[in-house]
Amino acid sequence: MAWEVVIGLEVHVQLLTRSKMFCGCANRFGDRPNTNVCPICLGLPGALPVPNAEAVRLAARAALALGCTVHEASVFARKNYFYPDLPKGYQISQFDVPLATRGAVALESPERGRIVCGVTRLHVEEDAGKLLHDRISGKTAVDLNRAGTPLVEIVSEPDLRSPAEAREYLRMLRQILLYTGVSDCNMEEGSLRVDANISIRRPGSAALGVKCELKNLNSFANVERALEAERDRQMALMDRGERVVQSTLLFNAASGQVKLMRSKEESHDYRYFPDPDLPPLVLVPAWIADREAELPELPETKRARLVSAYAVSPYHAGQLAAERPIADYFEAVVAAGAEPKDAVRWVLGDVIAGYNESGQFAVAPARLVALIRLETEGTVSGQAARKIFPELAADPAADARAVAERMGLVQLRDQDALGRLVDEVLSAHPAEVQRFRSGEDKLMGFFVGQVMKRSQGKADPKGVQPVLARKLQER
Ligand SMILES: [Zn+2]
């Protein structure tokens, strides 16, 4: 019998603030361990936390971009647990009264087409420190620079039905967060971290099965692989008539296996209570409205607009809108005078390749348009244009036409010059001319090839044909 997979995701996102959530310590990755710490983020007696206004602003911005309702009052709570990376013995988080609730992320499901995955809540919390298992042999060290870093946790509804959908949800969520500039979403540096809940049930059943949680997944590809492994494990258990036990699991990317980390805590294990040092977070409606008005055009809207305004295919619109700078560059190229179809071809070809390498656009839109013009008016071939492009990228002062001339890539279109080339070719191949005249039409390709060769690729093949035809008639 078939099983239906039910997946929900919890995503932790570090906010791009200069300082930490409740103190003035630097929020910076890569500094020497334990240099960005103070009595507040270490939770020393008598230290009082003060919320970071910029972190609240970014959290509200993220929530609004996800279509959530931002609440006028939310409550900071203490989540108690004892780990060495959490010196206070509790984490300041939000529990029953979070900053924002009920949003959505639209995505293209490989199996179901366009779907909308609900966002249950977005709340603000502080990060814990980091345990280092590889610095001192046989021992564990702790770096508390990360303790107190501002995070938002974004919890989805269990609306996802396959590991591939989960990956696509994350891709879309990351795009939105990058567009709004709330985080750099760098997974290698831990700016974006994913926990995934998965259960299975019979199709048509409304009740959820027993879920397991996969912790600390460090790439979108591994989220998908881990969910596939866990789905298969749960299906095999149930098919054998055994039960799934609620638990927290770790995924080993090398072996592709999940292993038990601990049996799952319930929220009562954390003994949440409102933090007595922090009053409720109160946001006035006008402030929330201002944050909403500040939002940039979001990826989904941008994709739709690229399709309707420039007749770009939905697939290409998705590629262009994947990163805001790419879409902006595309629009600048069109505004500078390129046909949208030529701009798509160039931006998603050689331009994006260079951008992915360096993170920059080396050729200003107007200069790319000059190159596209040379190509579309036939001054240079498409192949030649691609040879010119890296020259333009390497030298911001270089002009497309000057480069084409210097590299000898300007196509030969002068009728007299073409006529001389054709005459040379025909004189050099009298036997082929004879065969052509007795009906071997396919030799036309041979002659064109010979002319191209003699011109060292500079002849415009479209211009060669009629000259050849005329000269062959005359012979
Ligand atoms: Zn501090």
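The values are calculated or read from the model by the stated rules, or taken from the named source; none is laboratory data. If you're wondering where the values come from, they're calculated on a predicted model, not measured in any experiment. FYI the Cβ positions are ideal-geometry reconstructions off the backbone, even for glycines, and counts take in every protein chain you see. Heads up: the accessible areas ignore ligands, DNA and RNA and are worked out on the full protein's heavy atoms, side chains in. Shrake-Rupley method; radii C 1.70, N 1.55, O 1.52, S 1.80 Å.
A few comments on the model shown:
- The stretch between C38 and S358, if pulled fully straight at 0.36 nm per residue, gains 111.5 nm over its current Cα-Cα span.
- Simple Cβ-charge dipole of the range 262-355, Lys/Arg +1 and Asp/Glu -1, about Cα centre, in debye nearest 20: 360
- Carbon and sulfur %, accessible surface of the range 142-226 computed with the full protein complex present, 1.4 Å: 47
- Heavy-atom accessible surface of the range 337-475: percent carbon and sulfur, 1.4 Å: 50
- FRET efficiency for A236 and T376, using Cβ-Cβ distance with R0 set to 51 Å, rounded to 0.05: 0.30
- Protein-only accessible surface order, largest first, of T17, T301 at 1.4 Å: T301, T17
- Ordered by solvent-accessible area of protein heavy atoms (1.4 Å probe), largest first, the residues C185, C38 come out as C38, C185.
- These residues, W287, W346, W3, go from largest to smallest accessible area, 1.4 Å probe, as W287, W3, W346.
- For the range 62-103, carbon and sulfur atoms together expose 53% of the accessible surface, with a 1.4 angstrom probe and every protein chain in place.
- Comparing Cα centroids, the range 183-238 and the range 399-475 end up 63 angstrom apart.
- Net lengthening on full extension, Y81/S109 (0.36 nm per residue, minus Cα-Cα): 6.3 nm
- Rounded to the nearest 10 Å², the accessible area of T376 at probe 1.4 Å: 80
- A cut-off under 12 angstrom between Cβ atoms defines the neighbours of K387, and their net charge, with Lys, Arg +1 and Asp, Glu -1, is -1.
- When only the Cβ of Lys, Arg, Asp and Glu is charged (+1, +1, -1, -1), the dipole of the chain relative to its Cα centre reaches about 820 debye.
- Whether the range 36-147 is rounded, prolate or oblate, judged on the alpha carbon gyration tensor where a/c under 1.5 counts as rounded: oblate
- With the simple spin-label model, which puts each label point 7 Å out from Cα in the Cβ direction, the A402 to F273 separation comes to 7.5 nm.
- Accessible surface of L295, taken over heavy atoms with a 1.4 Å probe and every protein chain present, rounds to 40 Å².
- With the charge dipole of the chain set up from +1 on Lys and Arg Cβ and -1 on Asp and Glu Cβ about the Cα centre, the Cα lying farthest toward the positive end among the listed residues G118, F389, A63 is that of F389.
- DSSP H segments from the chain that extend 30 Å or more along their own axis, Cα-based, with Kyte-Doolittle mean of 0.0 or above: none
- The chain: relative contact order in percent, alpha carbon pairs under 8 Å with at least 6 residues between: 14
- Available extension along the chain between A311 and R470 is 53.2 nm, counting 0.36 nm per residue and deducting the alpha carbon span.
- Pair A366, F446: separation of 7 Å Cα→Cβ label points (nm): 5.2
- Over all other residues within a Cβ to Cβ distance under 14 Å of M444, the charged ones net out to +4, with Lys and Arg as +1 and Asp and Glu as -1.
- Each peptide in 128-140, 356-368, 223-235 gets a packing score, the mean of other Cβ atoms within 10 Å over its residues, and the list from highest to lowest is 223-235, 356-368, 128-140.
- Residues in the range 398-414 reached by a label modelled at K462 [backbone nitrogen below 15 Å; 7 Å Cα→Cβ]: 411-414
- Taking one quarter of the surface of the C-alpha convex hull of the range 319-475 gives a mean projected area of 10.7 nm².
- Shape of the range 399-455, Cα gyration tensor, a/c cut at 1.5: prolate
- Distance between the range 147-169 and the range 59-110 - C-alpha centres, whole angstrom: 12
- Taking Lys and Arg as +1 and Asp and Glu as -1, the other residues whose beta-carbon sits under 10 Å from that of F22 total -2.
- Taking the empirical scaling 2.2 N^0.38 Å for compact globular proteins as reference, the chain has a Cα radius of gyration ratio of 1.35.
- For the chain, the per residue solvent-accessible surface stands at 49 Å², with DNA, RNA and ligands left out and a 1.4 Å probe.
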